Amino acid sequence: MDLKKDLENSINQNLNISDELAHLKNISELDNNVSFTGDNLVICTANEGHVKEIAELWANLASIQQMYAPERYNFIPEGKDWQSFVRRKMEKNYNLLLVAHDKNNTEIKGFLYLQSITLPSSNLVLKGVIEDLYTKPQYRKQNIASVLLKVSIAWALKQNIKQIELISLTKSNDLIQFYLRFIKESKQDISFDLVMV
């Protein structure tokens, strides 16, 4: 009897996995055009007009990443041309680069980069990874990172992405606590994995 139940459970699990795989999108089908406005905050896909400012912010984030996890983050090949670095990220239209700014002010308050990860030897998108989330120090504790994260998760769900890895530096206790709160409060039909490096 137990063998029969084990076999039925195994078959059901395999059918569920097959059903989920059948709903995965091809990387070429992803649409990374996002525009969200709430209260006074605008979250949108980055464009050429944002490159210079994102480059400065990303250089700041990269210096912190490189300092605390040099074995993972090596930006030496980038040199000092952070604008080209940002443009290369933007060219990957299967990934998502979001910026946050006020309605009447184009100054970028923060950004988020979500990478789409495909199944090995396939163009089917398996999951998303958020490793780069940054808010300018003077705008922290204003819910900007939370809104960036919520908009990116809504985008991921629309693309049939059901799993997101949230990457944080081990020494970044504030970000770890932020992610843990976000995961706990999230009502989305998505699986989160917190990865510390």
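Could you check segment 116-154 and list, in sequence order, the residues that are in contact with a helix residue (DSSP H, G or I) (Cβ under 8 Å, 6 or more places away or on another chain) and in a strand (DSSP E or B)?
SER116, THR118, LEU124, VAL125, GLY128, ILE130, ASP132, LEU133, TYR134, THR135
For segment 1-60, give me the residue count where each residue is of a type in the set (A, V, I, L, M, F, W, C), part of a loop (DSSP other than H, G, I, E, B) and modelled with pLDDT under 90. Full working, then the answer.
Quick first cut of segment 1-60, residues of a type in the set (A, V, I, L, M, F, W, C) only: 1, 3, 7, 11, 15, 17, 21-22, 24, 27, 30, 34, 36, 41-44, 46, 51, 54-55, 57-59.
Right, trim to part of a loop (DSSP other than H, G, I, E, B) and you get 1, 24, 30, 34, 46.
Going one step further and asking which of them are modelled with pLDDT under 90, we end up with 1, 24, 30.
Of the residues in that region, 3 qualify.
Under the condition of being assigned to a helix (DSSP H, G or I) and of a type in the set (S, T, N, Q), which residue from segment 160-197 is nearest to ASP102 (Cα to Cα)?
Initial filter on segment 160-197 (assigned to a helix (DSSP H, G or I)): 173-185.
Okay, now just the ones that are also of a type in the set (S, T, N, Q), so 173, 177.
Details: ASN173: 27, GLN177: 26 Å.
Looking at the filtered set, the residue picked out is GLN177.
Would you point out the residue of segment 96-115, among those that are more than 27 Å from VAL129 (Cβ to Cβ) and touching a helix residue (DSSP H, G or I) at 6+ places or on another chain (Cβ under 9 Å), that is surrounded by the most Cβ atoms within 10 Å (Cβ to Cβ)? Break it down stepwise before answering.
Of all residues in segment 96-115, those more than 27 Å from VAL129 (Cβ to Cβ) come to 102-107.
With touching a helix residue (DSSP H, G or I) at 6+ places or on another chain (Cβ under 9 Å) added as a condition, the list becomes 106-107.
Working: THR106: 12, GLU107: 10.
The selected residue is THR106.
Which condition number does THR170 fail, the rest of (1) among the hydroxyl-bearing types (Ser, Thr, Tyr); (2) touching an Asp or Glu at 6+ places or on another chain (Cβ under 9 Å); (3) at pLDDT below 95 being met?
Answer for THR170: the failing condition is (2).
Does at least one position in segment 66-74 carry a residue that is at pLDDT 90 or above and either surrounded by fewer than 14 Cβ atoms within 10 Å (Cβ to Cβ) or hydroxyl-bearing (Ser, Thr, Tyr) (or both)? Spell out the reasoning first.
Of segment 66-74, the ones at pLDDT 90 or above are none.
Taking every residue of segment 66-74 in turn, none turns out to be at pLDDT 90 or above and either surrounded by fewer than 14 Cβ atoms within 10 Å (Cβ to Cβ) or hydroxyl-bearing (Ser, Thr, Tyr) (or both).
Given (1) free of Cβ contacts under 8 Å to residues at least 60 places away in the same chain; (2) over 22 Å from VAL195 (Cβ atoms), identify the lone condition not met by TYR113.
Only one criterion is unmet by TYR113, namely (2).
Quick one: would you say LEU157 is over 19 Å from HIS101 (Cα atoms), part of a strand (DSSP E or B) and of a type outside the set (Val, Ile, Thr)?
Values: over 19 Å from HIS101 (Cα atoms): yes; part of a strand (DSSP E or B): no; of a type outside the set (Val, Ile, Thr): yes.
Considered against the rule, which asks whether it is over 19 Å from HIS101 (Cα atoms), part of a strand (DSSP E or B) and of a type outside the set (Val, Ile, Thr), LEU157 comes out as no.
The values are calculated or read from the model by the stated rules, or taken from the named source; none is laboratory data. On a predicted model such as this, the values are computed, not experimentally measured, just so you know. Glycine also receives a Cβ, built like all others from the backbone with ideal geometry; neighbour counts cover every protein chain displayed.
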